[in-house]
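K.L.:
Sharing a structure here in structure tokens format.
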Amino acid sequence: MAEFLTQCGCEAQCEAALEALCRLGGLHCPACGGARHTVFEQNERTYGLCGHSRKQTTLIAGTIFQVTELPLTTGFLAMYLLTRAKNNVSALSLMRHLFIRGV
Ligand SMILES: [Zn+2]
């Protein structure tokens with residue numbers, strides 16, 4: 001856990017991890033599926049520019065982070081807890097660990 005928090009403990013670190021995936025071609029353009037992106041920053045946000053369709057996209061477009069308003073740190077911590085657990089993790093347990101209230 002300490003190592004995880006050292007690597008992904010703040011929004012900037014989580015965004016850098018997503019950016020690194022984008023540079024490795026791990027993310028695909030939601031418009032055309034292209035894997036080549038140029039990453040740039042504008043108004044303190046990081047965007048990707050598709051090398052094929054020239055469509056702009058955010059780093060979270062097409063990822064699980066797009067459908068939530070939770071911070072990236074919460075999403076990364078959830079992935080960490082889910083992948084490190086030896087058994088299943090219930091939704092209620094995950095909510096308690098992440099200090100998320102139900103709707
Ligand atoms: Zn594209």
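We did not get these values from a lab; they are worked out from the coordinates using the rules stated. Quantities reported herein were computed from a predicted structural model and do not represent experimental measurements. Note that each Cβ is placed from the backbone with ideal geometry, even for glycine, and that neighbours are counted across all protein chains shown.
K.L.:
Could you please report the charge total around A31, scoring K, R as +1 and D, E as -1 over all other residues with beta-carbon less than 14 angstrom from its beta-carbon?
P.N.:
+3
K.L.:
Extending each Cα 7 Å along its Cβ direction at A31 and T63, get the distance between those two points in nm, one decimal.
P.N.:
Between A31 and T63, the simple spin-label model gives 2.0 nm.
K.L.:
With contacts defined as alpha carbon pairs under 8 Å and 6 or more residues apart, what's the relative contact order of the chain in percent?
P.N.:
Relative contact order, the chain: 20 percent.
K.L.:
To continue, here is another question. Can you classify the stretch 58-103 as rounded, prolate or oblate using the Cα gyration tensor, where a ≥ b ≥ c are the square roots of its eigenvalues, rounded means a/c under 1.5, and otherwise it's prolate if a/b beats b/c and oblate if not?
P.N.:
oblate
K.L.:
About its Cα centre, how strong a charge dipole does the chain have in debye, to the nearest 20, once Lys and Arg get +1 and Asp and Glu get -1 at the Cβ?
P.N.:
320
K.L.:
Moving on to the next point. Under 14 Å from a point 7 Å along the Cα-to-Cβ line of C10: which residues of the stretch 50-91 have their amide N that close?
P.N.:
Taking a point 7 Å out along Cα→Cβ of C10, the residues of the stretch 50-91 whose backbone N falls under 14 Å are 73.
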